[in-house]
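Some notes on the structure that comes next.
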Amino acid sequence: MKLSLQIKHLLTQHRWPAALAIGLIVDINGSPSATAASAIEQPTADDTQAVTDAASQHGTPAPVKTRKARRLQSIVVTSGSGRSSYQGQIAEIGSFTPQSIHDTPASISQVTRSVMDDQQAKLLSDVVRNDASVQLNDAATGYYEGLSIRGFPLDQATGYQINGLTIAGEQNVALENKQSVDILKGESAFQNGVGSPGGIIDYETKRPADIHSLTIGTDAQGSRYYAGDFGWLARDKNFGIRLNFAHEAIHSPIQYADGQRNVLSLAADWRITARSSLQVDAEWQRRSQISVNGYQLLGGTTLPGHVSNASFIGYQPWVQPTTFNAYNLSARYNYSFGDDWRLSIRAGSSWSDLNDNMVYAYGCYYQSACSNAAGHYFSAAGGYDIYDYRMPVEDYRNNEVQALLFGDIDDGPVHQSVTLGISAFQHKVVESGEVYDYVGSGNIYSATPYYPRDDDSVTPAQTVLDSRQFAVFGSDQLSFGQHWQLSLGGREVFLREKAFDSDSGSLQRDTRQNVFLPQTALVYKPSDQWMLYASYSKGLSLGNQAPWWATNANQFFTPYVSRQTELGAKWSASPRLSINAALFDMTQPFSYARPDSSEEGYTYVREGSERHLGAELSAAGEITDHLRITSSLAYIHATASGSGYRAYDGVQVINQPRLKAAVYAHYDLPWVPQLSLLGGVNYSSRKSVLNDASVQAPAFVTLSLGASLLTHVEGHALTFRLSIDNLTNRFYWADAGASGGDMFLYPGQPRTARLSAQYDF
């Protein structure tokens, strides 16, 4: 391996600040498979060797250089092997700036581009299945997906990011232009302010590189997929762009639930001067697909039995697809004042415009069998009501601006790494009126009759929610010698939120609250390979809304505080294998619909506390020269206490399995180097469907199998990939979550086979 003489001269003679050279990739041996990255590209998970100006992430650098290695990265050198990596190395999700995951005192997992390629991931649910702490939550086919982390549903307004800036979560984010998906598990208030205590999902985009790649694919249902990845770098590496595009004709394994999507994205990096750089990202996706809602309990007490995971409940031929137009824009300007201080100014805008349509199978209010039973469930015999649901305008907008200052201060035996920041964030929801018309009834055990629908009009669109957050925040990481670090931080949040009635436009709620959210961590590094930490953090979440069928229908509750204590250990078993473990204790108030003697039968209340105790264990990287894995195990004991309703105390909360495990592996056959075997196993223990755990979805195991074949055409790589998910075609309930207080059951996807060919030229 030899370093380019020109780059070596620049580094040794000009001593450029390392932050200005992030991501400058050197072509090691001129191989076509060597990746050239932009002069301001940040390190990625697939880099097989990262060289910073201080030390490798697997060592423990001197305290003065620890921050510089993380804050002011210098040169990333990749070998020409083109070897894929399952090990996450660098992430920004826990600290506002790229740093070693190994050195971050938080539970973070990273799904690399290599894993996404091997699994042929198209949706976030494909990506997060490798993390046992993540669970689907109200994830309907043809709609945007909901997730929970550690048993806490993510807030769609604040739980999802692209490059560290919050996006509108009401979209299925395109993966074609993403280098990795990073998952911060647990309290994240220091990073994103008011939001769910579950954590954050952050998509990291691909940076400019000299690359030309085309992919075509299909599946067992006959879907068609085309994608392109093209990048260009200026000769001096000071400017680069990257273009990704895709088209997919979706043939769903669920009958009638077909659709299509189109994706276009552009990334640009510009090193303006030796001290300043600019990074810009823009992406658009239009997705149109027939939406399918889930099942409900029969009579409110029994799981539906002998149903198909490929059935469309209540299908009517007049149903139109739900259409999403999603736009995500961001810009980041970095300026280095020298070796020790750096300024970063970031701005982002994200919006998702929905035309929402659904044949909605819900309850049994119009059936005599439910006259003396809860009408918001299917009947005991499998009957349900069919509604024509339409909301032609459903717009979600996020706008965010951040200014951050990073610096290092040497004060004798103590070294300080300081982060100071301010941010402004707005989340706005605009909705039209809705059509919600009863059209007829059906039964899950018989063919659905045809029913005509009325062509009702809706009221004009208007703002129903305007939420604004202004925050000032800061942290100070103090390093005491080689082994100890203490991190002290906090965010002061000023929340202003108004909610309006969707019909009259009248003000329903005006929330004004200021709160300080602390975060602290103590780190001990006994050796180069080990990092141990203990942390405490506090968060603020917006209050829940009572379901429409409760006595206090649609009432908004006040924001509430959550708390987390975590102990963790991270071990670099080798430079290419990371093993992480964490124990956590998280609490928040318990909100639920309490059965009572009121006419409605329920009143939504907040009483008692909800406590999630858990343990996580994960491993990612290379076990041998031929075997790479990503695996995780999570045990989560999530119960309520002091609720005032004894049947709900001490039982596992809904939709959260007590034990989950996942492993996915890539094995290169020694005797056929071009051929690799792929496969995985996912396990979930049973999970509660009702708050009293009287009904539970059974445990399940799913298997996946695949292969990857690398060939060459005229000296260029051509890779074929085959993947088969749910190999045994197992029926299981993947999701038993709640939406607006209503419990829904979503079957896991039936057996799905995908085939693709990727040509790099």
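Before moving on, here are some points about what is shown:
- Which labelled figure in (1) 0.96; (2) 1.13; (3) 1.16 is Rg/Rh (Cα atoms, Kirkwood Rh), once derived from the coordinates: (1)
- Sequentially through the stretch 619-628, phi angles give Karplus couplings (6.51, -1.76, 1.60; θ = phi - 60°) of 9, 8, x, 9, 7, 9, 5, 10, 10, 10 Hz, Gly and Pro residues having no value and appearing as x.
- The residue list Ser643, Trp671, Ile629 was ranked by how far each Cα lies along the charge dipole of the stretch 629-692 toward its positive end, using unit charges on Cβ atoms, and Ser643 comes out on top.
- Extension gain, Tyr366 to Val414: 0.36 nm times the residue separation minus the Cα-Cα distance gives 10.1 nm.
- Cα convex hull of the stretch 501-636, projected area averaged across orientations, nm²: 13.2
- Relative contact order (%) - criterion: Cα under 8 Å, at least six apart; region: the chain: 11
- Dipole in debye (nearest 20) - the stretch 142-227, about Cα centre, beta carbon charges: Lys, Arg +1; Asp, Glu -1: 100
- Relative packing of peptides 396-403, 220-227, 145-152, 415-422 - highest average C-beta neighbours within 10 Å first: 145-152, 396-403, 415-422, 220-227
- About the Cα centre, charge dipole magnitude for the chain (Lys/Arg +1, Asp/Glu -1 at Cβ), debye: 1740
- Sequence ranges 194-203, 208-217, ranked by mean other-Cβ count within 10 angstrom, highest first: 194-203, 208-217
- Across the alpha-carbon set of the stretch 596-645, the Rg to Rh ratio works out to 1.41, Rh being the Kirkwood radius.
- Taking only Cα atoms of the stretch 524-582, radius of gyration then Dmax in Å: 20.5, 59
- Rounded to the nearest 20 debye, dipole of the stretch 687-742 from Cβ charges on Lys, Arg, Asp, Glu: 180
- Highest-first packing order for the peptide set 594-601, 699-706 is 699-706, 594-601, based on the mean count of other beta carbon atoms within 10 Å.
Any read-out appearing in this document is the output of simple, stated calculations on the displayed coordinates, not a laboratory observation. Computed from a predicted model, the values in this text were never measured in an experiment. So basically every Cβ, Gly included, is an ideal-geometry build from the backbone, and we count neighbours across all protein chains shown.
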